[in-house]
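Asks: Have a look at this one.
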Amino acid sequence: MLLQLKGIQKRFGGVVALRDGNLSVNAGEVHLLMGENGAGKSTLMKIVAGMQVADDGEMLWKGQPARFRNPSEAARNGIAMVHQESLLAPHLSIAENIFLGREERLPLGWINRSKMVREASRLIEDHRFPLQADWRVDKLSPAGKQLVEICRAIQQGSSLLIFDEPTSSLSEAETKEVFRIVKALCTRGIGVIYITHRLEELRVIGDRVTVLRDGQTVHSGPLGELTTEQLIHHMVGREVAAIYQRNPLPPGEELLRVHNVTRAPALRDISFTLCAGEIVGMAGLVGAGRTELCRAIFGVDPIDSGQIWIEGKQVRVRSPREAVRAGVALIPEDRQKTGLATALPIAYNLTMASLPSVSRFGFLRLSSERSIAGEYTKKLRIKADSPKQRAGRLSGGNQQKVVIAKWLVRGARVFLFDEPTRGIDVGAKVEVFEVMDSLVRSGAAILMVSSEMSELLQVADRILVMRQGRITGELPGHTTQEQIMRYAAFDTSVTTTEEHPA
């Protein structure tokens, strides 16, 4: 056995992050670590990787008591962590990143670059990675950057690799490549701890699973002994039948019409409508143009041609400010970078798009801000110490609720959700879906971009499919993943089920 954790505890001030963390990992296995956001997964792994120190409990590494004070000490002992967000030096080459901090030097102190490139090339070739040692890291895809971090860990002689949500931003092909590499590492005797919220990945990659809930281990054992429903029950502490089932509404008035919108080279002749009471899914492979479409409608990127109508009126949306005034809201894919002011309080984030309503003579009325913050944190069940808490300290699901609430305060009616469940756990996904359903039942319309076809099938009333900047098909919400993939992956002359006249 490589790793054993017994009764690990960790507190941050008055907050208990871990109360009873238990985990064991064998050499050559993929051990899944599951749990809702805030369950303690990241804290437990940071303790293993030397980024934090446990307050109590026992850690055995290769049968011996261990307590790593920093990541360098953990790395020297054979433990490395591949983070969801890259921690590489973007301006350096792949070879330089692999050996960063451990460069071999020539007698006069110069770095032996030629040897570094040779060894990096040999490592890449041995593992059949689609990389070249002299490529700059900032030119790589997210998947490529993760491969570099894996190379770095292997070169250090790691016996245990921790993967934190490695496929959350990857295409299907890139995900399969990561799976191939993980399995190849296991055949060499390396142990893997794999954190993911994507339930469809579990049976493909995992051997055993440990589930954390509220800071303690609630289940550990072979994955094959659990049904998906049992696993979800362990994670959230309640039954969640089929993740989520929504009762659709009859569509109401037309709120958004997009006609022949083009923005070269990403978008070509895009036409569709959104009606009150509808959730319309947008499917497609990475690079299909879905995010670019949301950005164009929201005014982030100006369109070359075409027309947009909002609530029956043709509008020219040349900036996000104009989109907001017209009643359009964007919940972006990267909520931390473009959806929230993470260093500022929840209350400010909730009112930042509606400052005139909480201001007088140019001065912020704190009493109004507090009142609104209290109302919407309660309405959306945002779990926080208080509205004064920094938004960046919330879990992923609660951060997403703050972004949504910001637009509810503003009074938006057309919502563009770009990958709304990325990086949040199954329980938080259900809560986000419930908020979306509540929105459309109150008269809003939603365009939901998602790479999770199973989620689109559960939530959407109808599904638009994009390929290479065009809408290639429109399908009912009760379609199949195979039908969606047909229109997303193959050239087809199929027209949509609805005409879009000017």
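Asks: Against the conditions (1) within 17 Å of Leu2 (Cβ to Cβ); (2) at pLDDT 85 or above; (3) surrounded by fewer than 20 Cβ atoms within 10 Å (Cβ to Cβ), where does Asp138 fall short? Just the number, please.
Replies: All conditions pass for Asp138, except number (1).
Asks: If I filter region 83-101 for residues that are closer than 30 Å to Gln216 by Cβ and either part of a helix (DSSP H, G or I) or among the basic types (Lys, Arg) (or both), do I get at least one hit? Please lay out each step first, then the result.
Replies: Narrowing region 83-101 to residues closer than 30 Å to Gln216 by Cβ: 83-85, 87.
Applying the additional criterion that residues be either part of a helix (DSSP H, G or I) or among the basic types (Lys, Arg) (or both) yields none.
For region 83-101, residues closer than 30 Å to Gln216 by Cβ and either part of a helix (DSSP H, G or I) or among the basic types (Lys, Arg) (or both): absent.
Matching residues to (1) surrounded by 18 or more Cβ atoms within 10 Å (Cβ to Cβ); (2) in contact (Cβ under 8 Å) with a residue 24 or more places away in the chain:
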residue: Arg11; (1), (2): no, yes
residue: Val16; (1), (2): no, yes
residue: Gly21; (1), (2): yes, yes
residue: Asn26; (1), (2): no, yes
residue: Thr43; (1), (2): yes, yes
residue: Met59; (1), (2): yes, yes
residue: Ala95; (1), (2): yes, yes
residue: Glu103; (1), (2): no, no
residue: Ile111; (1), (2): no, no
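Asks: Right, here's the next one. So, in region 448-478, of the ones that are in a strand (DSSP E or B), farther than 21 Å from Leu249 by Cα and charged (D, E, K, R), which residue ends up modelled with the highest pLDDT? Before you say what the answer is, go through the steps one by one.
Replies: The initial filter retains those residues of region 448-478 that are in a strand (DSSP E or B), namely 448-449, 462-467, 470-476.
This time we only want the ones that are farther than 21 Å from Leu249 by Cα, so: 465-467, 470-473.
The next check asks that each one be charged (D, E, K, R); those that pass are 467, 470.
Details: Arg467: 88, Arg470: 93.
Going through the qualifying residues, I end up with Arg470.
Listed here are the residues, each with its yes/no results for (1) touching a helix residue (DSSP H, G or I) at 6+ places or on another chain (Cβ under 7 Å); (2) among the small types (Gly, Ala, Ser).
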residue	(1), (2)
Val328	yes, no
Ala347	yes, yes
Thr351	yes, no
Leu355	no, no
Gly362	no, yes
Glu375	no, no
Ile382	yes, no
Asn398	no, no
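Asks: Moving to a separate point now. Out of everything in region 67-88 that is aliphatic (A, V, I, L, M) and at pLDDT 90 or above, what residue ends up being nearest to Gly157 (Cα to Cα)?
Replies: Only one residue tops the list, namely Ile79.
Asks: Would you check which residues across region 327-350 are more than 15 Å from Lys401 (Cβ to Cβ) and among the polar types (S, T, N, Q) and list them?
Replies: Hit for region 327-350 is Thr338, nothing else.
Asks: Follow-up question, since we're still on this one. Looking only at region 243-300, which residues are of a type in the set (D, E, K, R), farther than 18 Å from Ser319 by Cα and in contact with a helix residue (DSSP H, G or I) (Cβ under 9 Å, 6 or more places away or on another chain)?
Replies: If the condition is that a residue be of a type in the set (D, E, K, R), farther than 18 Å from Ser319 by Cα and in contact with a helix residue (DSSP H, G or I) (Cβ under 9 Å, 6 or more places away or on another chain), then Arg246, Glu278 are the ones that fit.
Asks: Still on this structure, I have one more. How do the pairs read when you match residues in region 281-292 that are more than 8 Å from Arg467 (Cα to Cα) and modelled with pLDDT under 90 with residues anywhere that are of a type in the set (A, V, I, L, M) and surrounded by fewer than 24 Cβ atoms within 10 Å (Cβ to Cβ), using Cβ under 8 Å and keeping only pairs 6 or more apart or on different chains?
Replies: Here the result reads Val286/Leu170, each pair linking region 281-292 to a residue that is of a type in the set (A, V, I, L, M) and surrounded by fewer than 24 Cβ atoms within 10 Å (Cβ to Cβ).
Asks: Still on this structure, I have one more. As an exercise: evaluate Pro107 against (1) within 26 Å of the chain's Cα centre (by Cα); (2) at pLDDT below 85; (3) surrounded by fewer than 17 Cβ atoms within 10 Å (Cβ to Cβ) and give the number of the one condition it does not meet.
Replies: (1)
Asks: Out of the residues in region 299-320 that are touching a residue at least 40 places away in the same chain (Cβ under 8 Å) and either part of a loop (DSSP other than H, G, I, E, B) or touching an Asp or Glu at 6+ places or on another chain (Cβ under 6 Å) (or both), state the one that is surrounded by the most Cβ atoms within 10 Å (Cβ to Cβ). So that I can check it myself, show each step before the final result.
Replies: Step one: list which residues in region 299-320 are touching a residue at least 40 places away in the same chain (Cβ under 8 Å), which gives 303-312.
Next cut, either part of a loop (DSSP other than H, G, I, E, B) or touching an Asp or Glu at 6+ places or on another chain (Cβ under 6 Å) (or both) only: 303-304, 311-312.
Details: Ile303: 22, Asp304: 12, Glu311: 15, Gly312: 9.
Per the stated criteria, the residue is Ile303.
Residue-by-condition table, conditions (1) of a type in the set (Asp, Glu); (2) surrounded by fewer than 19 Cβ atoms within 10 Å (Cβ to Cβ); (3) outside any loop (DSSP other than H, G, I, E, B):
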residue	(1), (2), (3)
Met116	no, no, yes
Ala120	no, no, yes
Arg128	no, yes, no
Ala133	no, no, no
Gln146	no, no, yes
Ile150	no, no, yes
Ala153	no, no, yes
Ala184	no, yes, yes
Val192	no, no, yes
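Asks: List the number of the failed condition for Thr342; all other conditions in (1) farther than 19 Å from Val261 by Cα; (2) hydroxyl-bearing (Ser, Thr, Tyr); (3) more than 18 Å from the chain's Cα centre (by Cα) hold.
Replies: (3)
Asks: Let me ask something additional. In region 135-144, how many residues are under 17 Å from Ile181 (Cβ atoms) and assigned to a helix (DSSP H, G or I)?
Replies: Residues flagged as under 17 Å from Ile181 (Cβ atoms) and assigned to a helix (DSSP H, G or I) within region 135-144 amount to 3.
Asks: Can you name the number of the only condition in (1) within 26 Å of Ala460 (Cα to Cα); (2) surrounded by 19 or more Cβ atoms within 10 Å (Cβ to Cβ); (3) more than 22 Å from the chain's Cα centre (by Cα); (4) not polar (S, T, N, Q) that Arg268 fails?
Replies: (2)
The values are calculated or read from the model by the stated rules, or taken from the named source; none is laboratory data. Because the structure is a prediction, the values reported are computed rather than measured. FYI the Cβ positions are ideal-geometry reconstructions off the backbone, even for glycines, and counts take in every protein chain you see.
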